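The values are calculated or read from the model by the stated rules, or taken from the named source; none is laboratory data. In this text, all values refer to a predicted model and were calculated from it rather than measured experimentally. Quick reminder, even Gly has a Cβ in these numbers, built from the backbone with ideal geometry, and neighbours come from all protein chains shown.
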Amino acid sequence: MNAVERIAKRLFRVVLSVATIWVIGHSGAALADEITVVLSGQNEIPPVTTPATGTGTLTIGPDKSVSGKAAVSGMSATVAHIHEAAAGSNGAIIIPLTKTSDNVWVVPAGARLTDAQHESYKAGKLYFNIHSEAHKSGEIRGQIRP
């Protein structure tokens, strides 16, 4: 094998190694679920007549990490959460959201689903719920479906 062939072979190995490392490093992001949810008073249990609307965005990583936010309009939100329950029923709070502006609530850094909550997520049994002073049990809601 001459010098040119040895250099070509080494270069091929380097390129292959870099490509492998890049694919492994980016595979987690590629496997994350990104969901958009529409929130309305009609989804509340019982339904609420309100002009308020909202949109939730959520990313669930392969390690069960959670990030996202809910943006609302037409209401003065007092608290916001992600709850665990099927559509048509109310459930426990699993992730309290943090207010970042008058109309935006975010998932706190480091939030993660338990194994059981992740199973509920895959079954469509998580939901955003935004509460107000007028509707303390929730004014708008949106079911999170993968």
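Criterion first (outside any strand (DSSP E or B) and not basic (K, R)) does G124 satisfy it? Taking the combined requirement at face value, the residue satisfies it. Residues of segment 82-107 that are more than 11 Å from the chain's Cα centre (by Cα) and outside any strand (DSSP E or B): A85, A86, A87, G88, S89, N90, G91, L97, D102, N103. Only one of these is farther than 20 Å from E133 by Cα, β-branched (V, I, T) and surrounded by fewer than 16 Cβ atoms within 10 Å (Cβ to Cβ): T78, T49, T59. Name it. Going through T78, T49, T59 in turn, the sole match is T59.
Taking I130 as the residue in question, decide whether it is without any contact (Cβ under 8 Å) to a residue 60 or more places away in the chain, part of a strand (DSSP E or B) and among the hydrophobic types (A, V, I, L, M, F, W, C). No, not satisfied.
Residues in segment 64-81 that are assigned to a loop (DSSP other than H, G, I, E, B) and either farther than 17 Å from K136 by Cα or under 18 Å from the mean Cα position of the chain (by Cα) (or both): K64 alone. Looking only at residues of segment 62-74 that are in contact with a Leu (Cβ under 9 Å, 6 or more places away or on another chain) and in contact (Cβ under 8 Å) with a residue 40 or more places away in the chain, we find that the one that is surrounded by the fewest Cβ atoms within 10 Å (Cβ to Cβ) is K64. Check off (1) among the hydrophobic types (A, V, I, L, M, F, W, C); (2) closer than 28 Å to S65 by Cβ; (3) loosely packed, with under 11 Cβ neighbours inside 10 Å; (4) at pLDDT 50 or above for V38 and give me the number that stays unchecked. Only one criterion in (1) among the hydrophobic types (A, V, I, L, M, F, W, C); (2) closer than 28 Å to S65 by Cβ; (3) loosely packed, with under 11 Cβ neighbours inside 10 Å; (4) at pLDDT 50 or above is unmet by V38, namely (3).
Every residue in segment 79-98 that is closer than 12 Å to L126 by Cβ and either of a type in the set (V, I, T) or without any contact (Cβ under 8 Å) to a residue 24 or more places away in the chain (or both), please. Within segment 79-98, I82, A92, I93, I94, I95 qualify. Annotation note: of G138, G91, G74, G142, the sole residue that is touching a His at 6+ places or on another chain (Cβ under 6 Å) and under 22 Å from T49 (Cβ atoms) is G138.
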